[in-house]
Amino acid sequence: MHEIDLLTTFAAGLGAALVLGYLAQRVGLSPLVGYLVAGIAVGPFTPGFVANRAIAEQLAEIGIILLLFGIGLRLHLHELVAVWRVALPGALVQSAASTGVLALLLHLVGWSWTAGLVLGAGISVASTVVMAMVLGARRDLNAPIGHLAIGWTVVEDLLTVVLLLVLPMLAAPGSSEEGPWRALGVAALKMVGLSVTVAVLGKWAIPWALERVERTRSRELFTLAVLVLAVGLAVGAAVVFGVSIALGAFLAGLAVGRSEFAARAASDALPMRDAFAVLFFVSAGMLFNPRSLVDALLLVALVLVVVLVVKPAAAALTARLFGTPWSTAIPLGAAFAQVGEFSFILGVQAQRVGLLGDAGWDALVAASILSISLNPSVYGWARRWSRRVGAVQAGAAPPEVDPKACILVGYGPVGQQLRRLLAERGATITVVELNLETVRRLKADGVAAVYGDAVRAGVLDEAGLASAGTLILSAEMEGAAEVVRQARQANPHLRVLARCGRLREAGPLRRAGAIVIAGEAEVAAALARAAVAEEGAAPGAFMEQGEIIRRELYGSVPAEGEAKER
């Protein structure tokens, strides 16, 4: 029966999320709203089918692990250190302001200071999953604002770990005088141990293990190896060092991200990430009891005021105080106008020790659902408003395209000649190649190179797709048309040149927006020119004959400008 519960929960959760997410998108809302409503629809507080909440939460944990692992892969340590000067005080000030204001408001309506501080601390923590999806939808996740926001949430996660240790002490303050200091000291030692472990694994152990797997040339084994690293390190960090699984997954991603396998790991091993991340929102929706909006309306309203007004204002003002321009500070603050997974963890623990009643839990869940639903719109409004007040969107606007920047996919004989010719003409070239030794040799020669499969999502982003002027597919590959389509969607100004062997493969590439060079057509044109030349015709005649053959074989080939408009 448990097997049936797993399958029905998985199928019903994803199916409802697909339908309602699609409907939300069609009416102009974020799909996140549809995912949350799907959770309500299959939850215990609405009639009809009821999914197994425990199973849904466990499946959602996989999504959280994969999502945070992927963020860690893309966020390099030097970028994290660079934002620490703002992220550390920002997280402390924003958390303190949110906690203090909500505790004061709740005290005015009859709550105890302890209960108010606990609920305030719960809503002060933003959901990294929500933030990643909202920033990612606006292409801000890998921009400076994304680096700052993720660094900020890392600090909040660390504060959450400390708070989880403190909650039992608040419930029984007189139990031991040495207990609090000893517990905090042990926690500090564990964090130091975790940091050292991540550094050692990322420097030596993980690259060594992944290289051995890569030498097998098995994509399945490499994918399996990265999944084992993601889940294993996340769970290991949680069990051994006492941190949350989400934080452990993020640190695992940082460890793998230090190796040369980062781009391929992100592309090969995370195709399931989005599907499982959707289940996080479904499981969150299942917690929501619509009656709480009636039974605890005032309480929910107070919590929402703090989440939607106080939190973003405190975050934006603190970021501005530490030198962040308004163009980044305003949308950054808006990104924190929500609460999520860590709030639930704190709420559950507070209920267990008797610091949070049912009314507080219902208000926390209701505020979480409503703020997650509103956050994409709030963030979009903040980005627009920051421009209206005269701010230039530093970090949120797409990077300026460099016409000399070229991404060259494939480094066989054709790719090698192309790179040499382009380099002689002053182009800045980044090679994308699936042969690890070739990538290492190029890097040793001072050539920018990325190890990974261009067909997989994220590899071209790592190579600088957003600012590239040209993309050249010098090697034939399956799914090349989809690569072209996705690349031009990410960078509409991109000029794409694609190679294919057969004429029947040229049509999909042209329709995707590429200028195509087909082997069959070029050979036919070359043979036609050679045949005319043998008859003693003038050079112009056999060149013209080659062009006639090309037109006949390619059919209606769009001009470069037409390809770009497609």
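The values are calculated or read from the model by the stated rules, or taken from the named source; none is laboratory data. Here the structure is a predicted model, which is why all the values come from computation and not from measurement. Note that each Cβ is placed from the backbone with ideal geometry, even for glycine, and that neighbours are counted across all protein chains shown. Accessible surface is based on the protein model in full, side chains and every heavy atom, while ligands, DNA and RNA are left aside. Shrake-Rupley method; radii C 1.70, N 1.55, O 1.52, S 1.80 Å.
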**Request:** Take GLY34 and decide whether it is touching a Leu at 6+ places or on another chain (Cβ under 6 Å), within 25 Å of ALA230 (Cα to Cα) and open to solvent by less than 30 Å² (accessible area, probe 1.4 Å).
**Result:** no
**Prompt:** Would it be correct to say that LEU194 is in contact (Cβ under 8 Å) with a residue 24 or more places away in the chain, within 23 Å of GLU61 (Cβ to Cβ) and in contact with a Gly (Cβ under 9 Å, 6 or more places away or on another chain)?
**Reply:** yes
**Item:** Residues (among the hydroxyl-bearing types (Ser, Thr, Tyr) and open to solvent by 30 Å² or more (accessible area, probe 1.4 Å)) located in the range 409-452
**Value:** TYR411, THR428
**Request:** Test ASN375 against the stated conditions and say whether it is in a loop (DSSP other than H, G, I, E, B), of a type in the set (S, T, N, Q) and surrounded by 15 or more Cβ atoms within 10 Å (Cβ to Cβ).
**Result:** no
**Prompt:** Under the condition of being under 23 Å from the mean Cα position of the chain (by Cα) and either of a type in the set (Asp, Glu) or crowded, with 22+ Cβ neighbours inside 10 Å (or both), which residue from the range 466-490 is farthest from ILE515 (Cα to Cα)?
**Reply:** ALA468
**Request:** Find all pairs meeting these conditions: Cβ atoms under 6 angstrom apart; at least six residues apart or on different chains; first residue within the range 324-339 and surrounded by fewer than 24 Cβ atoms within 10 Å (Cβ to Cβ); second residue modelled with pLDDT under 90 and hydrophobic (A, V, I, L, M, F, W, C).
**Result:** PRO325/ALA394; TRP326/ALA391; SER327/ALA391; SER327/VAL392; SER327/ALA394
**Asked** Quick one: how many residues across the range 283-298 are farther than 25 Å from VAL228 by Cα, touching a residue at least 60 places away in the same chain (Cβ under 8 Å) and either open to solvent by 60 Å² or more (accessible area, probe 1.4 Å) or in a helix (DSSP H, G or I) (or both)?
**Response** 8
**Message:** With the requirement that a residue be at pLDDT 85 or above, open to solvent by less than 30 Å² (accessible area, probe 1.4 Å) and either in contact with a strand residue (DSSP E or B) (Cβ under 7 Å, 6 or more places away or on another chain) or part of a loop (DSSP other than H, G, I, E, B) (or both), what does the range 378-408 give you?
**Reply:** ALA405, CYS406, ILE407, LEU408
**Request:** Test each condition in (1) modelled with pLDDT of 85 or more; (2) surrounded by fewer than 22 Cβ atoms within 10 Å (Cβ to Cβ) for ALA315 and report the one that comes out false.
**Result:** (2)
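Each row is one residue, and each column tells you yes or no for (1) at pLDDT 60 or above; (2) more than 30 Å from ALA463 (Cβ to Cβ).
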position	(1), (2)
GLN489	yes, no
ARG495	yes, no
ALA514	yes, no
ALA530	yes, yes
ALA533	yes, yes
GLY540	no, yes
GLU552	yes, yes
LYS564	no, no
**Message:** Quick test for you: out of ARG264, ARG320, ARG352, ARG258, pick the one residue that is without any contact (Cβ under 8 Å) to a residue 12 or more places away in the chain and either in contact with a Leu (Cβ under 9 Å, 6 or more places away or on another chain) or of a type in the set (Asp, Glu) (or both).
**Reply:** ARG352
**Message:** Condition check: open to solvent by 40 Å² or more (accessible area, probe 1.4 Å) and farther than 30 Å from GLN58 by Cβ. Does ARG219 satisfy that?
**Reply:** no
**Message:** Anything in the range 135-147 that is open to solvent by less than 10 Å² (accessible area, probe 1.4 Å) and either hydrophobic (A, V, I, L, M, F, W, C) or part of a helix (DSSP H, G or I) (or both)? List them, or say none.
**Reply:** LEU135, ILE145, GLY146
**Prompt:** Which members of the range 105-129 meet the condition of being part of a helix (DSSP H, G or I), open to solvent by less than 10 Å² (accessible area, probe 1.4 Å) and either modelled with pLDDT of 90 or more or farther than 22 Å from TRP361 by Cα (or both)?
**Reply:** LEU106, GLY116, LEU119, GLY120, GLY122, ILE123
**Request:** Please state which one of LEU210, LEU224 is of a type in the set (A, V, I, L, M, F, W, C), open to solvent by 10 Å² or more (accessible area, probe 1.4 Å) and over 20 Å from GLU341 (Cα atoms).
**Result:** LEU224
**Fill in**
Pairing a residue in the range 454-478 that is within 19 Å of ALA262 (Cβ to Cβ) and part of a loop (DSSP other than H, G, I, E, B) with any residue that is at pLDDT 90 or above and of a type in the set (Ser, Thr, Tyr), where Cβ atoms lie under 8 Å and the two sit 6 or more apart in sequence or on different chains, gives ALA463/THR430; GLY464/THR430
**Request:** Might you check whether a residue that is hydrophobic (A, V, I, L, M, F, W, C), over 22 Å from ILE150 (Cβ atoms) and either buried (at least 19 other Cβ atoms within 10 Å of the Cβ) or modelled with pLDDT under 90 (or both) occurs anywhere in the range 229-243?
**Result:** yes
**Request:** Mind listing whichever residues of the range 244-271 are open to solvent by 40 Å² or more (accessible area, probe 1.4 Å) and within 15 Å of the chain's Cα centre (by Cα)?
**Result:** PRO271
**Complete:** Over the range 52-81, the set of residues in a helix (DSSP H, G or I), farther than 30 Å from LEU7 by Cβ and touching a residue at least 24 places away in the same chain (Cβ under 8 Å) is GLY72, LEU73, ARG74, LEU77, GLU79, LEU80
